[in-house]
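The values are calculated or read from the model by the stated rules, or taken from the named source; none is laboratory data. This is a predicted model, so every value here is computed, not measured. Every residue, glycine as well, gets a Cβ built from its backbone with ideal geometry; the counts of neighbours run over all protein chains shown.
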């Protein structure tokens, strides 16, 4: 099968959407499909990737506009830059809006594919495909628009999207053959007239790619636990949990691998060395490092429309997971974890659905189903 994938996020970027794209490309190629990826190509990383996996990676060209740098030693200037950045993003979807014409031009001469998968975020990826898409299926027989989080129906952001972006959202939803989301609850984030197109396909992981020696773990001298990923004010918010931790008169070590440092920094001094912020490290190195802690923290989203893909990484690591809500934390459960009692740990169900071979199979089934329906219609 000839498969075309369009995505901004790809190896070596260290984000859930990058993992989504990278694992799909590798697994489709491993299964023997002819895979082409359109993205922002970095020859240093992507030329060797092409040779190793037998895929084609094409560049959609240099992006003209970049995000606004909000760093400044002057507090007033810093606040001003942040305000401008927020306004441009809110009213114009800047700088991601430039991806719409980029994707449209990149697809101009593409044709003859069996399956096209566009991957968001950002959603202007889908908008660009919609601008290039034609009803006769010249580019591909089937278009699947894959969405990590809703756009107009997003609940994790502080501000709602401007009303006029609904026309772009409805445009791509109308033209796409299928819309894929990671969990059932995410359906409610999309306009009701398109929900019959929505299919559930979770994040895909190669369970055998990272080898973890689970027998090598031994308890740390003081309770040591960790979190890896982004944080969101009011959503995936660690504030209440950290407030409780710094109030405790016991030794522990809490390590956060995150770049959302503003939500953690107010607690650092009060923690007296017990809370530590670290920058992101490559995924394989991170998983092996996290396998040495006593337990892992998962900050629950303040919305059931998004499920952290890190839970599958946590599953591969094999350490107990403490689920922590943003507001009403369970201090008794936290105390038990700190004492080494993990009876209240997160329980995994349906793990096999996250295996990358099964995830790719679901996308292929959509293409085959669309083709079968089209043939039946012609008859």
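Of all residues in the stretch 247-301, those satisfying the criterion of being in contact with a helix residue (DSSP H, G or I) (Cβ under 7 Å, 6 or more places away or on another chain), closer than 30 Å to residue 82 by Cα and in a helix (DSSP H, G or I) are 263, 267, 270, 271. For the list (1) modelled with pLDDT of 95 or more; (2) surrounded by 15 or more Cβ atoms within 10 Å (Cβ to Cβ), I need the number of the one condition that residue 52 fails. Unmet condition: (2). Scanning the stretch 340-358 for residues that are outside any strand (DSSP E or B) and in contact (Cβ under 8 Å) with a residue 40 or more places away in the chain turns up 340, 342, 345, 346, 353, 354, 356, 357, 358.
Yes or no, residue by residue, for (1) surrounded by 13 or more Cβ atoms within 10 Å (Cβ to Cβ); (2) in a loop (DSSP other than H, G, I, E, B):
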{"position": "10", "(1), (2)": "yes, yes"}
{"position": "28", "(1), (2)": "yes, no"}
{"position": "44", "(1), (2)": "no, no"}
{"position": "47", "(1), (2)": "no, no"}
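Please go through the stretch 10-19 and give me each residue that is in contact with a strand residue (DSSP E or B) (Cβ under 9 Å, 6 or more places away or on another chain) and closer than 17 Å to residue 44 by Cβ, ordered by number. Once the filter is applied, which keeps residues that are in contact with a strand residue (DSSP E or B) (Cβ under 9 Å, 6 or more places away or on another chain) and closer than 17 Å to residue 44 by Cβ, the stretch 10-19 yields 10, 18. Filter the stretch 70-83 down to the residues that are closer than 30 Å to residue 167 by Cα and either surrounded by fewer than 13 Cβ atoms within 10 Å (Cβ to Cβ) or touching a residue at least 60 places away in the same chain (Cβ under 8 Å) (or both) and list them by number. Result: 83, single match. Determine whether residue 145 is at pLDDT 95 or above, in contact with a helix residue (DSSP H, G or I) (Cβ under 8 Å, 6 or more places away or on another chain) and surrounded by 15 or more Cβ atoms within 10 Å (Cβ to Cβ). Considered against the rule, which asks whether it is at pLDDT 95 or above, in contact with a helix residue (DSSP H, G or I) (Cβ under 8 Å, 6 or more places away or on another chain) and surrounded by 15 or more Cβ atoms within 10 Å (Cβ to Cβ), residue 145 comes out as yes. Within the option set 68, 5, being more than 19 Å from the chain's Cα centre (by Cα) and either within 23 Å of residue 130 (Cα to Cα) or not in a helix (DSSP H, G or I) (or both) holds for one residue only, 68.
Within the stretch 106-119, is there a residue that is more than 20 Å from the chain's Cα centre (by Cα), assigned by TED's automatic domain parsing to the domain that holds residue 153 and in a helix (DSSP H, G or I)? Within the stretch 106-119 (the criterion being more than 20 Å from the chain's Cα centre (by Cα), assigned by TED's automatic domain parsing to the domain that holds residue 153 and in a helix (DSSP H, G or I)), the answer is yes, since at least one residue qualifies.
Evaluate the stretch 311-334: report whether one residue or more is in contact with a strand residue (DSSP E or B) (Cβ under 9 Å, 6 or more places away or on another chain), surrounded by fewer than 18 Cβ atoms within 10 Å (Cβ to Cβ), free of Cβ contacts under 8 Å to residues at least 24 places away in the same chain and assigned to a strand (DSSP E or B). No, the stretch 311-334 contains no residue that is in contact with a strand residue (DSSP E or B) (Cβ under 9 Å, 6 or more places away or on another chain), surrounded by fewer than 18 Cβ atoms within 10 Å (Cβ to Cβ), free of Cβ contacts under 8 Å to residues at least 24 places away in the same chain and assigned to a strand (DSSP E or B).
Annotation for the stretch 294-306: at least one member residue is surrounded by 15 or more Cβ atoms within 10 Å (Cβ to Cβ) and more than 20 Å from the chain's Cα centre (by Cα).
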